[in-house]
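The values are calculated or read from the model by the stated rules, or taken from the named source; none is laboratory data. As the structure is a prediction and not an experimental result, all values here were calculated from the model. FYI the Cβ positions are ideal-geometry reconstructions off the backbone, even for glycines, and counts take in every protein chain you see.
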Amino acid sequence: MLPYLLFSAAMFSVGVYGVLARRNLLIVLMSIELMLNGVNIALVAFSRLHGGPDGQVFVLMVMAVAAAEVAVGLAILIALFRTRRTVDTGDLTSLKG
Amino acid sequence: MNITWVDWISISPALAVIGAAFLVVLVDMLLPKDASKAPLEIVSYTGIGAALYICFRRLGEGMPPVRGFFGSVVLDELSVYLSLAILAATALLVTMSGEDMRRRKVHAGEFYAIVLLAAAGMILLVQSVNLIMIFLMIEILSLCVYVLTGITRRQPRSGEAAMKYFVTGAFASGFLLYGMAFLYGATGSVQLAEIAVRLREATPMALLGMGLLLVGFAFKVGAVPFHMWVPDVYEGAPTPVTAFMSVAVKAAAFGALVRVCVAGLPAQSAQWGGMVWGLAAATMIVGNLMAVPQRSVKRMLAYSSIAHAGYVLLGLAALKTSHAAAGAAIFYLFVYTFMTFGAFATLAYLGREVSFPGARAPEWHDAEDLFDFAGVARRKPWTAAAMTLFLLSLAGIPPTAGFAGKFMLFRAAIQEGHYVLALIGILMSIVSVYYYLRVVVYMYMKDPLEEPSQKGDMAVGAAVATAAFLTILLGLMPGTMHELSLRAMEHVGR
């Protein structure tokens, strides 16, 4: 049980680090995916531990949500790129105060 | 196990709204390109009206809760109560956005469909009693609201706000989900009621899950210290969308938070009560103090909405000892819906078209700066009066709805012995009077700028007037809605 949880925590942490530290929005999107996949591993491991289908159903739902999230995220990214010509978080500074 | 008639009844308000969303897309395809978009509004109203009708009937008769889909959703008094606020905000948004979205160059069909789907997600979120459902519905409403934030996609500000909202929102979803995974790991169930039974004593894993879950929710409702995205997103989004999400998203997320705490984690109330206590205190203090130096009225209202999230959290912090304070918090959410929506809608009503040098066509510009409000009382006395009413209500001055809400909330908190929180709340309300009244001073005591005043859009005016009417009405007669909120909270755990 523990190795799976450690793996899941490591994957989640890498994702969190990526979101917080990287400035390229594409990599930020990928890091968010990594966070969700880290959670998926934990869910599958718990599902195995408890022996019910709930966790696996949850994982399938999370995968569907992750796909939808990427679609919306990339759409917003493209709209942003068309007006700004940049995907760097450091350049998103027009809203301040 | 088959899906029966009862299952469909349990999600009937959301079904009506989803049906309207699909019809909007269909009708939009059939409409000629240059035709009036009024049919879309009529379809939206029909769906919202049907959902409102169902909610009012359930509220009126005080019926027992209906559980559906193997106990994953419940149509009870709390969900009906918050659905009313969500549906009211949706109806106001639909009312104001016909002409308003045209001049912002937004495609009406997409807009109404996404708004209705967001509303359906919110309604189902406050009905969810299952971790999977809660996660899915949070995502459905969030994805819709991300898109709405960026829907004026030729405006750089809108795109930036959408991206910031998306990244912070998805980040928060990750924490929320990880929290849910640990709760599932600790109990082996995703049903809130089952989790409550199996979590008699707190294991470290359950506490970790609860903490991560609360962090995720704190992000979603914009509580300090997870509020950094709120001002930027609220400022960059098109103003009608800001109005909608500042009230409806908050009502839905708080509904889910209350349900998770009361129905899922009653035995851990000491632990989450402490965390919510800290969140409430920090949110009230930071939200109000940060609003003071703002020169942009839209940004000031964004910080004020953070502050108001703090007042609602105050009610939740007192929840562990009694339901009266939480009932007052739910009532406050209801009241907050109309005063905040009205204030943001007024910004849109006072907007004007500005021709920037070098731009091909004039761009729509909402009244965002303090100077945009200079002398409004002379040009548009009724609008100034309505804005004053909303601001007084937000500050909590009688006889407005905001006073009734704050009075119930602080009274309940003091009765429960939460003196420190109540004191912080009252002190911060006094601070808030300063930055709300500054706008009033600009409207009534400064000379107007030379710019020619533009005629406001009738539909936006109608939304402002409705919100103003309800703000007064709830201020003069808060009794019924307050009692209903108390009843909703009493029955939520069962």
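Listing for the model above:
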| quantity | calculated |
| --- | --- |
| Of all residues making up region B:135-150, the number that are surrounded by fewer than 23 Cβ atoms within 10 Å (Cβ to Cβ) and either at pLDDT below 95 or more than 7 Å from chain A (Cβ to nearest Cβ) (or both) | 1 |
| Count - residues of region A:80-97 that are closer than 30 Å to B:ARG295 by Cβ, more than 7 Å from chain B (Cβ to nearest Cβ) and in a loop (DSSP other than H, G, I, E, B) | 4 |
| Verdict on B:SER189 being polar (S, T, N, Q), part of a loop (DSSP other than H, G, I, E, B) and over 13 Å from the mean Cα position of the chain (by Cα) | yes |
| Flag for B:SER83 being modelled with pLDDT of 95 or more, touching a helix residue (DSSP H, G or I) at 6+ places or on another chain (Cβ under 8 Å) and either assigned to a helix (DSSP H, G or I) or aromatic (Phe, Trp, Tyr) (or both) | yes |
| Identity of the residue in region B:89-134, touching a Ser or Thr at 6+ places or on another chain (Cβ under 9 Å) and polar (S, T, N, Q), that ends up farthest from the other protein chains (Cβ to nearest Cβ) | B:THR95 |
| Those residues of region A:75-93 which are surrounded by 15 or more Cβ atoms within 10 Å (Cβ to Cβ) and either in contact with an Asp or Glu (Cβ under 9 Å, 6 or more places away or on another chain) or in contact (Cβ under 8 Å) with a residue 60 or more places away in the chain (or both), in sequence order | A:LEU80, A:THR83, A:ARG84, A:VAL87, A:THR89, A:LEU92 |
| Conditions (1) free of Cβ contacts under 8 Å to residues at least 60 places away in the same chain; (2) within 8 Å of chain A (Cβ to nearest Cβ): number failed by B:ALA172 | (2) |
| Residue within region B:152-160 that is under 30 Å from B:ALA16 (Cα atoms) and more than 22 Å from the chain's Cα centre (by Cα) present | yes |
| Residue that is more than 8 Å from chain B (Cβ to nearest Cβ) and not in a loop (DSSP other than H, G, I, E, B), where the choices are A:LEU34, A:LEU49, A:LEU77 | A:LEU34 |
| Output for region B:404-430, where each listed residue is closer than 17 Å to B:TYR303 by Cα and crowded, with 17+ Cβ neighbours inside 10 Å | B:ILE424, B:GLY425, B:MET428, B:SER429 |
| Extreme residue, surrounded by the most Cβ atoms within 10 Å (Cβ to Cβ), among residues of region A:52-74 that are more than 8 Å from chain B (Cβ to nearest Cβ) and under 23 Å from B:GLY159 (Cβ atoms) | A:ALA66 |
| Restricting region A:13-28 to residues that are more than 8 Å from chain B (Cβ to nearest Cβ) and of a type in the set (A, V, I, L, M, F, W, C), the residue that is farthest from A:THR89 (Cα to Cα) | A:VAL14 |
| The one condition in (1) part of a helix (DSSP H, G or I); (2) closer than 25 Å to B:ALA329 by Cβ; (3) of a type in the set (A, V, I, L, M, F, W, C); (4) out of contact with any Cys (no Cβ under 8 Å at 6 or more places or on another chain) that B:VAL24 fails to fulfil | (2) |
| Which listed residue is part of a helix (DSSP H, G or I) and touching an Asp or Glu at 6+ places or on another chain (Cβ under 9 Å), from B:VAL492, B:VAL460 | B:VAL460 |
| Scope region B:151-160; condition more than 7 Å from chain A (Cβ to nearest Cβ) and either in contact with an Asp or Glu (Cβ under 9 Å, 6 or more places away or on another chain) or assigned to a helix (DSSP H, G or I) (or both); matching residues | B:ILE151, B:GLN155, B:SER158 |
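Each row is one residue, and each column tells you yes or no for (1) more than 23 Å from B:LEU423 (Cα to Cα); (2) over 21 Å from the mean Cα position of the chain (by Cα); (3) touching a residue at least 40 places away in the same chain (Cβ under 8 Å).
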residue: B:VAL233; (1), (2), (3): yes, no, yes
residue: B:SER246; (1), (2), (3): yes, no, yes
residue: B:LEU257; (1), (2), (3): yes, no, yes
residue: B:MET275; (1), (2), (3): no, yes, yes
residue: B:ILE285; (1), (2), (3): no, no, yes
residue: B:ASN288; (1), (2), (3): no, no, yes
residue: B:LYS298; (1), (2), (3): yes, no, yes
residue: B:LEU301; (1), (2), (3): no, no, yes
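Here's the yes/no breakdown for (1) under 18 Å from the mean Cα position of the chain (by Cα); (2) farther than 20 Å from B:ALA343 by Cβ; (3) of a type in the set (Gly, Ala, Ser):
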residue: B:GLU77; (1), (2), (3): no, yes, no
residue: B:ALA120; (1), (2), (3): yes, yes, yes
residue: B:GLN127; (1), (2), (3): yes, yes, no
residue: B:LEU131; (1), (2), (3): no, yes, no
